[in-house]
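The values are calculated or read from the model by the stated rules, or taken from the named source; none is laboratory data. Quantities reported herein were computed from a predicted structural model and do not represent experimental measurements. Positions of Cβ are backbone-derived with ideal geometry, glycine not excepted, and every protein chain shown enters the neighbour counts. Keep in mind that these areas ignore ligands, DNA and RNA; they rest on the heavy atoms of the full protein, side chains included. Shrake-Rupley method; radii C 1.70, N 1.55, O 1.52, S 1.80 Å.
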Amino acid sequence: MAAFWVLLVFGALVAANDEHQPLSKISIHRSAVRLQSSASITASPQVLGLKGVNVDNVRVIFQMPIGASSSDWIGVFSPSNFSSKLCLSDQLGEEPRLCNAPIKYQFANMSDSQYAMSGRGELTFRLINQRQDFAFGLFSGYLDKVNLLFFNDPTVAFFCMQPVLVAVSQPVAFKNPKAPVSPRLALGKDWNEMTVTWTSGYSISEAKPFVLWGPEDEKYAFRAPASTLTFTQKDMCGAPANTVGWRDPGYIHTSYLKNLWPSTTYFYKIAHKLKSGDTVYGPENHFMSSPAPGQDSLQRVVIFGDMGKGERDLSNEYSDYQPGALNTTDRLNEDLDNIDMVFHIGDITYSDGYLSQWDQFTEQIEKISSRVPYMIASGNHERDWPLSGSFYNVTDSGGECGVPAQTVFNMPAKNRAKFWYSADYGMFRFCVADSENDWQEGSEQYKFIEECLSSVDRQKQPWLIFIAHRVLGYSSGWFYATQGTFAEAMARETFQKLWQKYKVDLAFYGHLHHYERTCTVYQNQCVGKETENYSGKFNATIHLVVGGAGAHLADFTPINTTWSLVRDRDYGFGKLTAFDHSTLLFEYKKSSSGDVYDKFWIKREYMDVLGCDTLRNCPEVALGR
């Protein structure tokens, strides 16, 4: 019986942590503050970004001559006065606790396995400009607090000490902590519009945000003003987002560059004009504007979900939940000249209520998002929270309830709280669903999706693509198989008549962390025998799960689902290449190498898309009537 209670208590402690977010492993609200004169920690340099950069390395030297342990760890906190911002206690005499989670952490013995014996160590942390200064805390004990637990044998016990802050470094800060950072491009509501979104520490009362831009022969001939948004702790729906995970998000600025020439290179700089008259600029960037709807040119779109973020200095190694995230990011960086747009279809950062991670993620993708439109869809880890209006009554967003995602990224949705939208890009029409909002037949979203699918001119835009985070079509994932649905419950029954009626070429999903491709499938049956080359009349939609961009991999069911053609339990991403109005290539690439693991071609003419007969008699519905 004693052993049972030990396992029960330990299991409850583990369950309290969020497996997706390594910062949740730290019981910061239980951490004690007991500064020791014999312990010390120093950080250098104290001023970062002297060469105008917004990323810098900090050398941290620490010592704990008495009581050093392999469980000791170093946390990075921002702002630097974290140790004096103590939580209030309901009980008099209780020792002070900390209120704010660190941005990242490393174990003290990470670079020296002999640390526990010497009590001395040195680590390097990679910091990004996040608007406030930083300090480093040396902690003894473990990440979490576990009480003394006895097993059947009273001489055997499991004991973990609570985290104890024993030393704090001096502050370090970037030269200009408020500098504009991480530009993020996105398609606008019109095809010839590009939006530029970025983050800074400047409120509109301090400086006026704008973008300098223009084509190559008129560099910076134009100036576009920017709107400014932010959100507060009160906007969060629950913990940890409104407790230990909260961090001021700064200000989010968005500028709208309109009336762009199609497929033209434009240069731009994000900027703020200060009250003093001085102007603070971001670095020069450039992008290629969208092709006009129907334009016949080479058009390449990357699609994936569930990437998350990784730490290049190997911080937060306790969880390692997103081991593939940096690989995927690096492969896209390497191939950026051959990418025109990116769709990250939900589960963006896995911040799960730890707001500092949004800055970390936007810095991770900055090279991509500053060059090509970085489009997102809403996932469960961005939106879902009980009684917040989300379709699913779960706590996956960590209390964010969609607010950071819908503010940090600007998508062409008519309503930020209803995160569905359409996007026209040359020969493509993308209909992006919000799987975390009501999509049932008759709902506002369902009506939007049907309008998006039915209104496209297939002569101009032959490639019709449906996107959602959760699997609304077909999946052989173990998670869905155990429910007996092989997709979200009732989703396939709701949407398949639309996909078939409007001849949707491809449907993409994330949520399950692997790759899967179906045959052309309708009502659970393969329609046609093609597997690699599809030609002639449209038969049915091909469904693809591309959720293996970074987060822990998911298993497949051993059940033989006859409509499943290709499966891969590995990290990867999809890439669509439209060569012209009749030729489309899809490739699934490995994140580790960029090698193509799976591919197929679709080759069909306009009349084939419409399902016309040999006399060119076409169904009215195919013409969007």
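For the reader, a short list of remarks on this structure follows.
- Gain on full stretching of the segment that runs from SER443 to THR485 - 0.36 nm per residue minus C-alpha separation: 13.0 nm
- Area of LEU498 that stays accessible when all protein chains are in place (1.4 Å probe, Å², to 10): 10 Å²
- Between the labelled values [x] 45, 31, 20; [y] 50, 40, 21; [z] 45, 27, 23, the entry that holds semi-axes √(5λ) of the Cα gyration tensor in Å as derived from this structure is [x].
- Our summary gives the range 328-443 a relative contact order of 23 percent, counting only alpha carbon pairs under 8 angstrom and 6 or more residues apart.
- By average C-beta atoms within 10 angstrom, highest first, the peptides 295-305, 374-384, 477-487, 217-227: 374-384, 295-305, 477-487, 217-227
- Centre-to-centre separation between the Cα atoms of the range 388-430 and those of the range 36-61: 37 Å.
- Relative contact order, percent, the range 291-375 [alpha-carbon distance under 8 Å, six or more residues apart]: 37 percent
- Value at 222 nm in deg cm²/dmol, rounded to 500, when DSSP H runs of n ≥ 4 in the chain each add -39,500 (n - 2.57): -3500 deg cm²/dmol
- Peptides ranked, highest mean first, by Cβ atoms within 10 Å: ranges 393-405, 228-240: 393-405, 228-240
- Under the criterion of Cα pairs below 8 Å and six or more residues apart, the relative contact order for the chain equals 11 percent.
- DSSP bridge orientation in the range 321-464 - percent antiparallel, rounded to nearest 5: 55 percent
- Extension gain from ILE559 to ASN81, taking 0.36 nm per residue of separation minus the Cα-Cα distance: 166.6 nm
- Pairs from LYS501/LYS590; LYS269/LYS575; LYS219/LYS273; LYS189/LYS275 whose Cα-Cα separation, in the structure shown, is over 27 Å: LYS501/LYS590; LYS269/LYS575; LYS189/LYS275
- Full-stretch length increase - GLN36, SER276 - with 0.36 nm per residue and alpha-carbon distance subtracted: 81.9 nm
- Using a Förster distance of 60 Å, the FRET efficiency for GLN525-ARG120 (Cβ separation, nearest 0.05): 0.35
- Efficiency of FRET from Cβ geometry, GLU218 and ASP570, R₀ 35 Å, rounded to 0.05: 0.15
- Distance (nanometres) between label positions extended 7 Å along Cα→Cβ at ASP595 and SER70: 3.6 nm
- Extending 7 Å from Cα along the Cβ direction at THR265 and again at ALA239 yields two label points whose distance is 5.4 nm.
- Of the cross-linked pairs LYS175/LYS589; LYS309/LYS418; LYS175/LYS418; LYS104/LYS234; LYS460/LYS599, those separated by over 29 Å at the C-alpha level are LYS175/LYS589; LYS175/LYS418.
- Rounded to 10°, Cα long-axis angle of helix 325-334 versus longest principal axis of the chain: 50 degrees
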